[in-house]
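Report on one structure; see the data block that follows.
The values are calculated or read from the model by the stated rules, or taken from the named source; none is laboratory data. The structure presented is a predicted model; accordingly, all values stated were derived computationally and were not measured. Using ideal geometry, Cβ is built from the backbone for each residue, glycine included, and neighbour counts are taken over all protein chains shown. Accessible surface is based on the protein model in full, side chains and every heavy atom, while ligands, DNA and RNA are left aside. Shrake-Rupley method; radii C 1.70, N 1.55, O 1.52, S 1.80 Å.
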Amino acid sequence: MKDVLIGIPIQWYIYLSVTIFSIGVLGVLFRRNAIIIFMCIEMMLNAVNLLMVAFSRYLGDTGGQVFVFFVMVVAAAEVAIGLAILMMIFRNTRSTDIDTLNKLKW
Amino acid sequence: MLAQYLFFFLSFVAVFSALMVIIDKNPVHSVLYLIITFFAIAGHFFLLNAQFLGAVHIIVYAGAIMVLFLYVIMMLNLNKEIEPHKKNIPKVIAVISAGLLMICLVAVLIGAERTMLPAARDSNIGLVENLGKVLFREYMLPFEISSVLFLAAMVGAVMLGKKEIH
């Protein structure tokens, strides 16, 4: 596994991560279903994770991978809370459409 | 050479299924496409020789988080197209803004071409042994605090999920 990275410059990983992150942003702006928006947030977290692992590998520094581990921890906690909030919203409004949640709209 | 082919294959799978997540109208299909994306990203982790993170990624994301999503979709009975047809202007604006963001990020990062990093000598930093040593020596306190975070999340999820008493 030593010379695997010789043929792959770090720029490829940067472009891949940027692409996946932008697709996540697009999904948050594009869709109106709260569950899909939530999944797109997970996708963005994953894009950043991938870039951190790539940089940690290229720099030979373990710190990046430890931080990816902590990002996964926070993402798991966030999903548990977020889906519970989503269930509560559904119980009150009978839908997961974010356009029904316009009480704070100016 | 094989690594490059693998990189392109995994990248294509990841980007394609990430696009299908936001294109597909059915939430269940979106979840399944997102699982494919996560597996592709786990493949990238293995390609980068981050074996511990690859395994944890599959277990946590594809195993736990996506099952949670599927459970919620099942309990809310959303397995059909419920999204009403909306006006096209917000969608066009969304596509334009996301495209602009991507162009900006790429434009910023193209300048970093010259600072290309050499491949590190030590390729074993992603193994369980090395990562565990760093995690339990230098990052001991954050590790313990994250368990408190999990406890808080657990209590919060139970509190939020409880039936309201009128």
task = Could you run the Debye sum over the Cα atoms of region B:1-88, one equal point scatterer each and no solvent, and tell me log10 of I(q)/I(0) at q = 0.10, 0.11, 0.21 Å⁻¹, two decimals?
result = -0.32, -0.38, -0.98
request  = When a/c is below 1.5 the answer is rounded, else prolate if a/b is larger than b/c, else oblate, so apply that to the protein assembly as shown with a ≥ b ≥ c taken from the square roots of the Cα gyration tensor eigenvalues.
outcome  = oblate
remark   = Buried by partner chains in region B:17-62 (accessible area down by at least 40 Å² vs chain alone, 1.4 Å probe, heavy atoms, protein only) are B:A18, B:I22, B:L34, B:I41, B:F45, B:L47, B:L48, B:L53, B:Y61
ask   = Which entries in the list A:K105/B:K91; A:K103/B:K163; A:K103/B:K91; B:K91/B:K162; B:K91/B:K163; A:K105/B:K87 go over 28 Å, if you measure between the two C-alpha atoms of each?
value = B:K91/B:K162; B:K91/B:K163
B:M154-B:K87 FRET efficiency (beta carbon distance; Förster radius 51 Å; 0.05 resolution) = 0.80
ask   = Where the accessible area of the protein assembly as shown is counted over protein heavy atoms with a 1.4 Å probe, how much of it, in %, is carbon and sulfur?
value = 73 percent
task = Identify which of B:F143, B:F52, B:F39 has the largest mean-square fluctuation in a Gaussian network model of chain B, with springs joining Cα atoms closer than 10 Å.
result = B:F143
note = Expected max-MSF residue from B:G126, B:G43, B:G63 in the GNM of chain B (alpha carbon, under 10 Å) is B:G63
Average accessible area per residue (Å²) across chain B - probe 1.4 Å, nucleic acids and ligands excluded = 61 Å²
key: Simple label model, 7 Å out from Cα along Cβ direction - A:Q11 to B:A3, nm   = 1.7 nm
query = For region A:34-95, what is the accessible area per residue in Å² when the probe is 1.4 Å?
reply = 32 Å²
task = Tell me the label-point distance for the pair A:L59, B:I96, using the 7 Å Cα-to-Cβ offset, in nm and rounded to one decimal.
result = 3.8 nm
ask   = So how exposed is B:I93, as accessible area in Å² (1.4 Å probe, rounded to 10)?
value = 100 Å²
key: Heavy atoms of A:S17: accessible area, 1.4 Å probe, square angstrom to 10   = 10 Å²
task = Send over the semi-axes of region B:127-166's equivalent ellipsoid, whole angstrom and largest first, taken as the square roots of 5 times the C-alpha gyration tensor eigenvalues.
result = 35, 10, 4
key: Most mobile of A:M88, A:M43, A:M72 in a GNM of chain A (Cα contacts under 10 Å)   = A:M88
ask   = Put A:V71, B:V158, A:V53 in order of accessible area, largest first, 1.4 Å probe: what do you get?
value = B:V158, A:V71, A:V53
key: Under Karplus coefficients 6.51, -1.76 and 1.60, residue-wise ³J(HN,Hα) of region B:71-77 in Hz, glycine/proline x   = 4, 5, 4, 5, 5, 7, 6
Chain B - percent relative contact order, Cα under 8 Å, separation 6 or more = 21 percent
ask   = Modelled label-to-label distance, A:I85 and A:T100, 7 Å Cα→beta-carbon offset: nm?
value = 1.8 nm
note = Note on chain B: C-alpha Rg/Rh, Kirkwood Rh, two decimals, gives 1.03
